[in-house]
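Written below as C-alpha cells is the structure these notes are about.
The values are calculated or read from the model by the stated rules, or taken from the named source; none is laboratory data. Everything numeric in this text was worked out from a predicted model, so none of it was measured. So basically every Cβ, Gly included, is an ideal-geometry build from the backbone, and we count neighbours across all protein chains shown.
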Amino acid sequence: MSDTRTTSGTGDRTKAEGGFSAEERAAMKARSAELKAEAKRGKAADKEAADEASVLAKIAEMAEPDRAMAERLMAIVADVAPGLLPKLYYGQPGWAKAGKVVVFFRSGLGDKERYSTLGFSGAAQLDDDGGLWPTSYALDHLTDDGADTIAKLVVRAAG
C-alpha cells in the first residue's frame, strides 16, 4: 500500500489522499473542545434553572402560612445573597453556594410539627468566637423584625 501525499500551495501542509492535515485535525479537536465547554456551561445553566423550578414548585405545594414564609425567605435570600442559588435540600427549599446548601427551610406543616425551621448547614459561615452559635430557628410566622434578622444571618452565612 503506498502513501500518496500531496502538497497544497499554502505552505508545507500535507495530507494523505482523502484524509485531513495535522492543522485540520487540530482545528477540529479545538472546535470539539469548544462545543463540549459550551454544552457543559449550558448544562450548568439548565441545572440552575431546573433547581430553581423545583424549589418554586415545592414552595407552591406548601400550605399557608408556610408557603408565605418560604416565598418571603426566597425573596430575602435573593436580595441579600444573590450568590446563593435555590436547590432542594432533603425535599425542602434550600439555597446553595458552590453546590453546597448553606441555608434551608423545613415546612412544619409538611413535617406535622407545630413550627417550621429555618436552618443553616455546616457550610454556613456563622461560627462565633465564643464557640457557640445557633444553626436553626423555629418559625410559625415571619415579622418584619424577624425578616431583618434572617437577612443579617443569611449575609453572614453566605460569607
Subset of segment 125-156, residues touching a residue at least 60 places away in the same chain (Cβ under 8 Å) and more than 24 Å from Pro65 (Cα to Cα), comes to Val155
Mind checking whether some residue in segment 83-92 is within 18 Å of the chain's Cα centre (by Cα) and in contact (Cβ under 8 Å) with a residue 40 or more places away in the chain?
yes
Among residues of segment 10-49 being modelled with pLDDT of 70 or more and touching a strand residue (DSSP E or B) at 6+ places or on another chain (Cβ under 7 Å), the residue farthest from Leu85 (Cα to Cα) is Ser21
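One line per residue, one yes/no per condition, for (1) among the aliphatic types (A, V, I, L, M); (2) more than 19 Å from Ala78 (Cβ to Cβ):
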position	(1), (2)
Lys100	no, no
Val103	yes, no
Gly108	no, yes
Gly119	no, no
Ser136	no, yes
Thr149	no, no
Val155	yes, no
The condition from (1) surrounded by fewer than 19 Cβ atoms within 10 Å (Cβ to Cβ); (2) within 24 Å of Ala44 (Cα to Cα); (3) basic (Lys, Arg) that Lys87 misses is numbered (1)
Taking segment 87-96 and keeping only residues that are closer than 21 Å to Leu109 by Cα and either at pLDDT 95 or above or in a strand (DSSP E or B) (or both), one is left with Lys87, Leu88, Tyr89, Gln92, Pro93, Gly94, Trp95
Of Glu64, Glu71, Glu113, the only residue that is assigned to a helix (DSSP H, G or I) and acidic (Asp, Glu) is Glu71
### Message
Can you confirm whether Leu132 is farther than 20 Å from Val55 by Cα, modelled with pLDDT under 95, more than 14 Å from the chain's Cα centre (by Cα) and aliphatic (A, V, I, L, M)?
### Response
yes
